Amino acid sequence: MKKILTSLAFVLIFLGTLATANATLIKIDGLDGYTAVRFAYPEGTEHYVYAGEFQLTLDEKYKTVGYCVDLLTNTDVPSGPFETELKALTEKWQLQAAWLMEYSNAETNEEKAALQLAIWDVEYGISLISVSDAVKESYGKYMEMLGDNLYKGTEYMIAYLAPDAQNLLVKNTAPVPEPATLLLLGSGLLGLAGFRRKSK
């Protein structure tokens, strides 16, 4: 019995090590398609910012993009690298924002700015004050497309970079160990320990 408990403890420690080794380095390479926008949040408080798509590098080799989900922190571009964990999406607004990123097909500066505003809208409920007609048109299109849709995949995650930089919704292009894989590996190791005990 003692050997089984020892083996189980070893497996749990091993799995814990794999899970915590999931830290990611994020470098902010640039802001693509930035466009000046003015909006209110909370009502009566105006923000004048550049909205666009962050160009990112994960773990010094995987290129990806991200959008800000943090109105309270400023980010210098370029900056980093920042060491952080990428967290799974759990809240409704996060799943809506990821759906917008996945299906908006934002290509122009105005479309990227509109996508950023749409993401802030599902998170905070902002009110547009002054944006170009092209941004307003794309923003309206994205909000209409969104409806009640929620992202159902696992590629998008939140990188919590504050207070050093804005928290970002990131499309994770780096390979991430899946919990099911870790569980399968752990149960296999536990099975080997049990098999060894039986064969003695």
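The values are calculated or read from the model by the stated rules, or taken from the named source; none is laboratory data. Just so you know, these numbers come straight off a predicted model, no measurement behind them. All Cβ positions, even for glycine, are placed from backbone atoms using ideal geometry, and neighbour counts span all protein chains on display.
Taking the range 136-159 as the search range and keeping residues that are in contact with a strand residue (DSSP E or B) (Cβ under 6 Å, 6 or more places away or on another chain) and in contact (Cβ under 8 Å) with a residue 60 or more places away in the chain, which one is farthest from TRP99 (Cα to Cα)?
ALA159
When residues of the range 49-91 are filtered for being of a type in the set (Asp, Glu) and either on the phi > 0 side of the Ramachandran plot or more than 16 Å from the chain's Cα centre (by Cα) (or both), how many remain?
Total meeting the criteria: 3.
Quick one: TYR103 ticks every box in (1) hydroxyl-bearing (Ser, Thr, Tyr); (2) under 20 Å from ILE158 (Cα atoms); (3) modelled with pLDDT under 95 bar one, so which box is it?
Among (1) hydroxyl-bearing (Ser, Thr, Tyr); (2) under 20 Å from ILE158 (Cα atoms); (3) modelled with pLDDT under 95, the lone unmet condition for TYR103 is (3).
Residue under question is TYR34, and the condition is that it be outside any loop (DSSP other than H, G, I, E, B) and either at pLDDT 90 or above or touching a Pro at 6+ places or on another chain (Cβ under 7 Å) (or both); does it hold?
It is false that TYR34 is outside any loop (DSSP other than H, G, I, E, B) and either at pLDDT 90 or above or touching a Pro at 6+ places or on another chain (Cβ under 7 Å) (or both).
Tally the residues that are over 29 Å from GLU91 (Cβ atoms) and either in contact with a Lys or Arg (Cβ under 9 Å, 6 or more places away or on another chain) or at pLDDT 95 or above (or both), restricting the search to the range 141-200.
So the count comes out to 3.
For residues in the range 56-103 being small (Gly, Ala, Ser) and over 22 Å from VAL37 (Cα atoms), which is surrounded by the most Cβ atoms within 10 Å (Cβ to Cβ)?
Looking at the filtered set, the residue picked out is GLY80.
Please indicate, with yes or no, whether at least one residue in the range 122-132 is closer than 18 Å to THR108 by Cβ and part of a helix (DSSP H, G or I).
no
Go through the range 22-38 and give me each residue that's farther than 15 Å from ILE119 by Cβ, of a type in the set (Gly, Ala, Ser) and under 20 Å from the mean Cα position of the chain (by Cα).
Listed by number, the residues that qualify are ALA23, GLY30.
Taking THR108, is it in contact with a strand residue (DSSP E or B) (Cβ under 8 Å, 6 or more places away or on another chain) and not hydrophobic (A, V, I, L, M, F, W, C)?
yes
May I ask you to say which residue of ALA98, ALA88 is modelled with pLDDT of 95 or more, closer than 18 Å to THR24 by Cα and touching a strand residue (DSSP E or B) at 6+ places or on another chain (Cβ under 9 Å)?
When all the criteria are applied, what remains is ALA88.
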